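Below: one structure, written as structure tokens.
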Amino acid sequence: MDTLRELLDKAKKIVFLGGAGLSTESGIPDFRSSDGVFQAVKAYGVPPETLLSIDFFEDYPEIFYDYYKKYLIYPDAKPNKAHKALAKLEADGRLNAVVTQNIDGLHQAAGSKHVCELHGSIYRNHCTKCRRLYSLDQIMKMDGVPTCDCGGIIKPDVVLYGEGLDNGVVTDAIRSIREADTMIVGGTSLAVYPAAGLIDYFRGETLIVINLSPTPRDREATICVREKIGEALSFLLD
């Protein structure tokens with residue numbers, strides 16, 4: 001932890017790449033975990049990767065939305081110490097972007113302004129027919145499959161399995177990573193691509209990995225911290 005403090009004290013332009021570990025510290029379960037997979041298979045007979053695929057959404061929208069609303073929407077979740085610490089770093093002018101795989105909007109709720117949401121957001125939704133926009137509150141109030149006044153099915157603006165990432169978001173993330181002198185990777189096992197591959201664009205000197213379990217990038221890291229990311233970054237809030 002002393003080394004982590006020293007490295008971050010020296011950093012002038014930081015970029016953060018994070019995953020589900022940040023959300024779990026706010027009480028949002030990781031649907032990719034063994035518990036999440038078990039729940040999905042037990043309730044629906046198929047794993048989350050199937051339930052959250054574009055093909056499944058198009059073929060079985062009723063089942064998709066039943067799973068989506070029960071297991072991916074946690075509107076009462078609050079930002080934790082990690083979200084707040086990263087927002088403070090940005091406010092201090094030392095963090096140039098948060099690149100996240102999460103869709104829960106907690107970085108923005110904590111005060112972060114420059115957030116690259118690789119997998120989209122639950123708070124944005126659109127009609128697949130006329131492209132009209134809908135809020136999360138609107139679709140949560142609709143029973144069954146949310147539909148537009150035009151008759152089209154409403155789809156969350158989240159990247160489902162089988163869909164590509166938004167090119168504009170990826171370009172923004174890559175630019176931010178290339179410009180950074182320090183990169184923090186936290187709360188992610190770096191098992192989900194193409195998000196995990198974004199580290200290849202980092203050209204800075206200091207790579208910090210904060211995760212409870214080992215990652216494929218540990219050998220490249222300047223330092224690895226085996227700690228919950230909220231606890232590891234909490235000193236920034238002092």
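Under the condition of being among the polar types (S, T, N, Q) and either more than 27 Å from Leu233 (Cα to Cα) or without any contact (Cβ under 8 Å) to a residue 60 or more places away in the chain (or both), the residues counted in the stretch 21-80 number 5.
Within the stretch 210-232, the set of residues being among the small types (Gly, Ala, Ser) and either over 15 Å from Leu22 (Cα atoms) or touching a Cys at 6+ places or on another chain (Cβ under 7 Å) (or both) comprises Ala221 only. Taken over the stretch 192-201, the criterion of being without any contact (Cβ under 8 Å) to a residue 40 or more places away in the chain, open to solvent by 10 Å² or more (accessible area, probe 1.4 Å) and not hydroxyl-bearing (Ser, Thr, Tyr) is satisfied by Pro194, Gly197, Asp200. Could we say that Val159 is crowded, with 19+ Cβ neighbours inside 10 Å, in contact with a Lys or Arg (Cβ under 7 Å, 6 or more places away or on another chain) and modelled with pLDDT of 95 or more here? Against the criterion (crowded, with 19+ Cβ neighbours inside 10 Å, in contact with a Lys or Arg (Cβ under 7 Å, 6 or more places away or on another chain) and modelled with pLDDT of 95 or more), Val159 does not qualify. Condition first: out of contact with any Lys or Arg (no Cβ under 9 Å at 6 or more places or on another chain), among the polar types (S, T, N, Q), at pLDDT 95 or above and under 18 Å from Pro79 (Cα atoms). Can you find one or more residues in the stretch 130-145 that meet it? No, that holds for no residue.
The condition (being in contact with an Asp or Glu (Cβ under 7 Å, 6 or more places away or on another chain), open to solvent by less than 60 Å² (accessible area, probe 1.4 Å) and closer than 23 Å to Leu52 by Cβ) is satisfied by just one residue among His126, His119: His126.
Taking residues in the stretch 210-224 that are of a type in the set (Gly, Ala, Ser), and partners anywhere that are outside any strand (DSSP E or B) and surrounded by 13 or more Cβ atoms within 10 Å (Cβ to Cβ), the pairs with Cβ atoms closer than 9 Å and at least 6 places apart or on different chains are Ser213/Ser189; Ala221/Thr215. Cβ-Cβ contacts under 9 Å between residues 6 or more apart (or on different chains), taken from a first residue in the stretch 141-153 that is touching a residue at least 24 places away in the same chain (Cβ under 8 Å) to a second residue that is assigned to a loop (DSSP other than H, G, I, E, B) and surrounded by 11 or more Cβ atoms within 10 Å (Cβ to Cβ), are listed as Gly152/Thr128; Gly152/Lys129; Gly152/Cys130; Gly152/Arg132; Ile153/Thr128; Ile153/Lys129; Ile153/Val145; Ile153/Pro146.
Each row is one residue, and each column tells you yes or no for (1) at pLDDT 95 or above; (2) open to solvent by 20 Å² or more (accessible area, probe 1.4 Å); (3) under 21 Å from Met1 (Cβ atoms).
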residue	(1), (2), (3)
Arg178	yes, yes, no
Ser189	no, yes, no
Arg203	yes, yes, no
Val209	yes, no, yes
Val225	yes, no, yes
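The values are calculated or read from the model by the stated rules, or taken from the named source; none is laboratory data. The structure displayed is predicted, hence computed values, not measured ones. No Cβ is skipped: glycine too gets one built from the backbone with ideal geometry, and neighbour counts run over all protein chains shown. Keep in mind that these areas ignore ligands, DNA and RNA; they rest on the heavy atoms of the full protein, side chains included. Shrake-Rupley method; radii C 1.70, N 1.55, O 1.52, S 1.80 Å.
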